[in-house]
Structure formats: C-alpha cells, structure tokens
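**Q** First the structure, which I've put down as structure tokens, then a few questions once you've had a look.
The values are calculated or read from the model by the stated rules, or taken from the named source; none is laboratory data. Values in this document were obtained by computation on a predicted structure and should not be read as measured data. Note that each Cβ is placed from the backbone with ideal geometry, even for glycine, and that neighbours are counted across all protein chains shown.
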Amino acid sequence: MYSKVSSETLLRDGRRESTVSTLYLSPSNIETGQQIICKASNKAVPNGKETSVMIDIQHLPLVNLSVEPQPVLEGNLVKFHCSAKANPPVTLYRWAKGGSIIKDVSGDTYEVLVDHSFFTEPVSCEVTNSLGSTNISRNVDVYFGPRMAAEPQSLQVDLGSDAVFNCAWTGNPSLTIVWMKRGSGVVLSNENLLTLKSVRQEDAGKYVCRAVVPRVGAGEKEVSLTVNGPPTISSTQTQQALHGEKGQIKCFIRSTPPPDRIAWSWKETVLESGTSGRYTVETVNTDEGVISTLTMSNIVPADFQTIYNCTAWNSFGSDTEIIRLKEQESLPVAVIIGIAVGAFVAFIVLMGTIGAFCCTRSQRNLKGVVSAKNDIRVEIVHKDHNAARENEEHNSMKQLMVSVERGEFQQESALKQLEVLQEEEKEYQHIKDPTNGYYSVNTFKEHHTPTAGNQTTEVPTDCTTTANASCWAWAAVPSSSVSGSSSVAR
C-alpha cells in the first residue's frame, strides 16, 4: 500500500514557495534493490526535474519448510528442506525435533529414517541473520502400527461387583480397538474401556485388548480377571484302581482366595492331611488351582463300595464333590481287542506279501520258458550238404537209441521229463511259427514213419542230459518243400 503527503511553504520573498512530498509504502510491496523516483515540475520548467533513491529493505529471514515424501511408512527415508529469504543474508541454520536440538546438521537440508515419534514430535528449522531469527516446524505424516498408550491392568474383584479395564493405543492411520475374552470370538467392546457388570465366577479368565491399523499392523495386550468367591471343585466323579494295588482319587479345586481348608470324608473317617491307617492325603498347589489326592494302599473290595467326599472352604463359602472308586480290569477289553485286531491285520499283510512274492517269482519262471521257446529258429542248408546232414542226424539217432537200450538213461526220469515238456508245449501252443507256416515244425511229438508223398527227415532239436534225467525232442521238416534241406535248432 502506498500513500503520499505534500506540504507547501511560501518563502520570504513572497514570490517563491517550497514544496515537500512524502511517500509512505509498505516494505512487503516492494523488493530490495528497487528505485523510487521523485519528479517535480512547474510552468517555468514544464519538463521538470527528478531524483531517485535505491531501496534497501532489511528484514528477518522469510522461511519455508518442506517435507518429502508425505505420507510415509515408518522406517523410510524423509527429506526436510528449509528455504529462506533474508536481508542481511542468512548466517545460521539450526534443526530441532520435539524441542531438542539435532546435532551434526547445519545446512538447509535434513534427511532421516523416520519412526512413529515424528508423527507427534515436530521437526523445526530456525534461520538466523544479523537482524534476528525465524523458526518454522512441521510434523511428518508417518504411518505406523498400534503402540500402547495406556496399558490395562489385571483385576481381582469380589463376586457380584463391577470390573473395568482401560486400554489405549496410538496408531496412524486411525486404528480399531476390540475387546474379547480369550477363547471366545464374541466382541465385548470397541472402546478403550471394557466394563463387566456384576461379575460371576464364569467371568474369571483372560481378556485381550487388540488394536488394528488397516494395512499397517496390529497389536494386543492380555490381562486377567480374578473373581473372589467360594471354591469350585471339578473332578471325575468315578475314578479307577486295581484290586490289591495302591489306588488314588484326586480332587481339583479352583479358589480365589485360596482354600482355607480341604477335607476328605468317608464312612466315619475325616482326613485333611497326613496318614491314617491305609489312607494318606497330599495337597499340591498349581498355577490352575489346588490338587488334593487321597491315596489308599492295598485296595480291598470294600473300597469299591465306599463313597468319598472332597470338600473345600474359603472366606466366601465352600464346595463339595462326591467321588466313587471303580475296580479297574487288569487288561482292559479294549486293549485285548486292539491287540487281536492288530495281530490279524499283521497276518493278512504277511500273507499278502508272501503271495505277491510267489506270484512274481512264478511269472519270472514262465517268462524264462517263453523266452526259451522263442529261441527256436530254422536254418536253410544247400542241397549239396543235405546228404552229409542226413547221415550225421542218422548217426546221432542211432547213438541215442543205443544209449537208451543199454540203460545209460534212467527210463522213468526220462518219461517224466518228457511229460513235463509235453505239458509246457500245450501251454505255449500260441507261439508263432518263425517260418509263418512254411515249415511244419512240431516239437515233442512221437516218431512216425514217413510216407512216400511226404518225405520227412527227423532231426534232434535239443538234448540235455543230467545225472538223473534225460530229454529229447524231434522236428519234422518236409524235404520236398524246399530246394535245400533244413535243420531245426533251438
């Protein structure tokens, strides 16, 4: 904003006058280094005269603080930049966080890995020149998971009174709070406070305050509620023991405050601790409660007919439980059945394994026989060798027959072996003739007299002699069917 004030004064000669003009302006409207011109004119000097002045505006630093990036996830790098205009020039930069000076940083830039504290503790930049200092600060929009602000405390209250838990969390972005009882999926509250009205024994237990920051993280805190009241006994009403052996029955007691007294009673006997005859009482404290055990030596039949009473007392009242003793079988029927079933299954598995092994071995033997049968092949020989071949075969036949007549082979073994071979031949009649039927190759057939129209030559195909057995086989080949003679070999 500008304003001008002028004043005129008549000089002593009465003919001239003096004029003074004053210009008022705000330094914010101009910048340093600008010129201001003052110009005066009258009728005598229409063009007038002028003068100028250079403006030098001095001021405190004008500061701007930028933060990049924003928002940012906790643990990431953030850059602070402090830009300033000042006349006289800037002489000092100073950084602080939450009011505490940050050492080792002196320039106009500050880089740091941010945590949740930057969300609540602003970073400030102070710029100084000869006229003074200007300070500016900024918070960082840091995203971070839930952090406990007010930790809830475990409570112990009397039966029928109220229980109030307080749980406070901080997080960014906004978080959700859920109160639940451990082991239950029921939401009891979405506020910092959880109030339980007129608590009962079943309200005792663990409670969880859970906070969730969407897409960032979650946290929880567990507290306990203890309800002062009469003892509660939870034990198996029928317990077992072996006749003639030492037996025990147990009584489990939950009690807050702890029980002042625990007693076992049966027939005319009451025993709180120690030993009385065959009976001994022992009490053990655990995290969950108190276990009282009544031990009986040398169980007799009368013990199985007796009713045992376990009773506990504290300042709020008492509870009692009736327990009976049942005779335990030496070896439960269920165990016997289980053993029998297991043995039967094991037997079935064993027999199946043996059967599979035998089948596998049999198949391998059959494969060996088939392989041997497939080894039969036909050899074609030229005519000029036919006579020599027939003579050789005839001599072999004669030697074989002579050996049989002289008893060099045991007849019984030979016949049995021949029967076995004949049976195998029947089983594998499906084996294809390697000559596609051109030659009639028949093994294990009896010798027969050739006819005039179909001259045949009998050739031994194989003969293997062992100490106790003999074998032979014949192959009949029609000599008139081919230009040369043939022999069959295995």
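**Q** Taking region 216-246, which residues are farther than 25 Å from Asp260 by Cβ and either modelled with pLDDT of 90 or more or of a type in the set (Ser, Thr, Tyr) (or both)?
**A** Val216, Gly217, Ala218, Gly219, Glu220, Lys221, Glu222, Val223, Thr238
**Q** In addition: Among the numbered criteria (1) under 38 Å from the mean Cα position of the chain (by Cα); (2) at positive phi, which single criterion is violated by Asp104?
**A** Only one criterion is unmet by Asp104, namely (1).
**Q** May I ask you to say which residue of Asn29, Asn64 is at pLDDT 85 or above and within 24 Å of Asn129 (Cα to Cα)?
**A** Numbers: Asn29 fails: at pLDDT 85 or above.
On inspection, the qualifying residue turns out to be Asn64.
**Q** Only one of Arg182, Arg254 is crowded, with 17+ Cβ neighbours inside 10 Å and of a type in the set (D, E, K, R). Can you tell me which? I'd like the intermediate steps shown before the answer.
**A** Numbers: Arg182 fails: crowded, with 17+ Cβ neighbours inside 10 Å.
Step by step, each of Arg182, Arg254 is checked, and only Arg254 is crowded, with 17+ Cβ neighbours inside 10 Å and of a type in the set (D, E, K, R).
**Q** Cβ-Cβ distance below 9 Å, separation of 6 or more or different chains: which pairs start in region 191-216 with a residue that is under 14 Å from Cys167 (Cβ atoms) and end on one that is hydroxyl-bearing (Ser, Thr, Tyr) and buried (at least 20 other Cβ atoms within 10 Å of the Cβ)?
**A** Leu194/Tyr207; Leu196/Tyr207
**Q** Next question. Conditions first: (1) out of contact with any Phe, Trp or Tyr (no Cβ under 8 Å at 6 or more places or on another chain); (2) modelled with pLDDT of 80 or more; (3) within 30 Å of Thr293 (Cα to Cα). Val335 passes all but one, so which condition is the exception?
**A** All conditions pass for Val335, except number (2).
**Q** Could you grab me the full set of residues in region 233-262 that are closer than 22 Å to Phe304 by Cβ, among the hydrophobic types (A, V, I, L, M, F, W, C) and more than 43 Å from the chain's Cα centre (by Cα)?
**A** Ala241, Leu242
**Q** Restricting to region 46-104, name every residue that is part of a strand (DSSP E or B), of a type in the set (Ser, Thr, Tyr) and closer than 18 Å to Ile136 by Cα.
**A** Listed by number, the residues that qualify are Ser66, Ser83, Tyr93, Ser100.
**Q** Are there any pairs with C-beta distances below 6 angstrom linking a residue in region 255-278 that is more than 24 Å from Ala204 (Cβ to Cβ) to a residue that is among the acidic types (Asp, Glu), with the two at least 6 apart or on different chains, and if so which?
**A** Matching pairs, first to second residue: Ala263/Glu272.
**Q** Quick one: Ser292 ticks every box in (1) closer than 22 Å to Gly247 by Cβ; (2) assigned to a loop (DSSP other than H, G, I, E, B) except a single one, so which number is it?
**A** The one condition Ser292 does not meet is (2).
**Q** Could you list, in sequence order, all residues of region 142-166 that are under 30 Å from Asn76 (Cβ atoms) and not charged (D, E, K, R)?
**A** Once the filter is applied, which keeps residues that are under 30 Å from Asn76 (Cβ atoms) and not charged (D, E, K, R), region 142-166 yields Val142, Tyr143, Phe144, Gly145, Pro146, Met148, Ala149, Ala150.
**Q** Identify the residue in region 31-45 that is of a type in the set (Val, Ile, Thr) and not in a loop (DSSP other than H, G, I, E, B) and, among all such residues, is surrounded by the fewest Cβ atoms within 10 Å (Cβ to Cβ).
**A** Restricting to residues being of a type in the set (Val, Ile, Thr) and not in a loop (DSSP other than H, G, I, E, B), the top hit is Ile37.
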